[in-house]
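The block underneath contains the structure these notes are about, expressed in structure tokens.
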Amino acid sequence: MEKLLERIIAECRQFIPQGHVATYIPELANVDPNQIGICVNLEDGKEYTAGDFQVPFTMQSVVKPLILLQALMDSGIDAVRALVGVEATGKPFDAFNYSDQALTGAHINPMINTGAIALCTLIRGETYEEKFSRLLELTRRLADNPSLCVDEAVYRSEKMTGNKNRALAYMLKAYGMIEDPVEDILDCYFRACSITVNCRDLARIGHIFAKHGVHPETWEHLFPAEYARYVNATMATCGMYDGSGEFALTVGFPAKSGVGGGIMSAVSQRMGIGVYAPALDKHGNSVAGVQALAKLSQELGLSIY
Ligand code: DON
């Protein structure tokens, strides 16, 4: 496996120049685009790695499955379905072009910005600091990594410049989908996006979703299988935004990307995969990361379709 991963990483380096690091969050523009790493987490927690698998990066939208999971654990499926639903948008992660039906009929999807911002309100906690702490603790627990924390520079950078998310959040407020102060909710969302992980963390988290909430080493039931089904189904249909159909065709398993360059994948009952390569395509998905997953899927026959 390690040899296979090394070969895949070597072959996929050639795709890096096709992409660009995110610059709309100024701090992310400083990241070296030439990095690429992978980690596969298999049965009994056996790990295989290659390339820049230890390099830390911010989760960005890879945190959305965790926001969804925390909202499900704290408020239940009915409340989550009523607020964000499950329907894919087929649109960019920060799109404004919503139909009125989407904004009143639970069609905003948990894997895009508006859905994740709205779901922060369904996390339990007296304050948004408390809600964020619960989310960070859940992320640490699933990654088996108590040292995960926020990259303060990236957090401040997005908080200063995140006016598109402010506009999206005020739109949610105008349509009565959120009630709390927009800045409080966004603070929780921006902090969540700035949690720093590496490929191993993502592979471990992905494996627990693949195992439907069961820890692959300890067999502890961490959350109900129906919550994993909700997360995996929305990752499969909208986890790569308006690149989700192409990804289903060429890769073929649930995954979530982030503009930090990470992708977390959950291959049902088989493995979790974390990849990192910060040069992004036009959808905001890691160019070389998607190629690496496509190769791995072909070599090991991982597509579920
Ligand atoms: O809200 C934002 O714009 C970022 N913090 C996260 C967006 C993102 O990662 C989109 N994914 N590819």
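Worth pointing out:
- Residues of region 185-229 that turn out to be of a type in the set (Phe, Trp, Tyr) and surrounded by fewer than 24 Cβ atoms within 10 Å (Cβ to Cβ), as a count: 4
- Scanning region 251-266 for residues that are more than 16 Å from the ligand (Cβ to nearest atom) and either open to solvent by 10 Å² or more (accessible area, probe 1.4 Å) or of a type in the set (Gly, Ala, Ser) (or both) turns up GLY252, ALA266.
- Flag if GLY289 is at pLDDT 95 or above, within 13 Å of the ligand (Cβ to nearest atom) and not in a strand (DSSP E or B): yes
- Test: residue in region 267-282 that is aromatic (Phe, Trp, Tyr) and either open to solvent by 40 Å² or more (accessible area, probe 1.4 Å) or within 15 Å of the ligand (Cβ to nearest atom) (or both): yes
- Apart from one condition, ALA102 fits all of (1) within 16 Å of the ligand (Cβ to nearest atom); (2) assigned to a helix (DSSP H, G or I); (3) among the small types (Gly, Ala, Ser); the exception is (1).
- Scan of region 44-74 for residues that are in a strand (DSSP E or B), open to solvent by 30 Å² or more (accessible area, probe 1.4 Å) and among the aromatic types (Phe, Trp, Tyr), ordered by number: TYR48
- Among the residues listed as ASN41, ASN34, ASN30, the single one being buried (at least 24 other Cβ atoms within 10 Å of the Cβ) and either touching a strand residue (DSSP E or B) at 6+ places or on another chain (Cβ under 6 Å) or among the polar types (S, T, N, Q) (or both): ASN41
- When region 134-184 is limited to residues that are within 15 Å of PHE57 (Cα to Cα) and open to solvent by less than 20 Å² (accessible area, probe 1.4 Å), the one that is nearest to the ligand (Cβ to nearest atom) turns out to be GLU158.
- Against the test of being small (Gly, Ala, Ser), more than 11 Å from the ligand (Cβ to nearest atom), touching a strand residue (DSSP E or B) at 6+ places or on another chain (Cβ under 9 Å) and modelled with pLDDT of 95 or more, the options ALA248, ALA236 yield a single qualifying residue, ALA236.
- Close pairs (6 angstrom Cβ cut-off, 6 or more residues apart or separate chains): outside any helix (DSSP H, G or I) in region 75-92, among the hydroxyl-bearing types (Ser, Thr, Tyr) anywhere: VAL86/THR234; ALA88/THR237; PRO92/TYR241
The values are calculated or read from the model by the stated rules, or taken from the named source; none is laboratory data. Treat the numbers as computed from the prediction; the structure is a model and nothing was measured. Here Cβ is always computed from backbone atoms with ideal geometry, including for glycine, and neighbour counts include all displayed protein chains. The accessibility values were calculated without ligands, DNA or RNA, using every heavy atom of the protein model including side chains. Shrake-Rupley method; radii C 1.70, N 1.55, O 1.52, S 1.80 Å.
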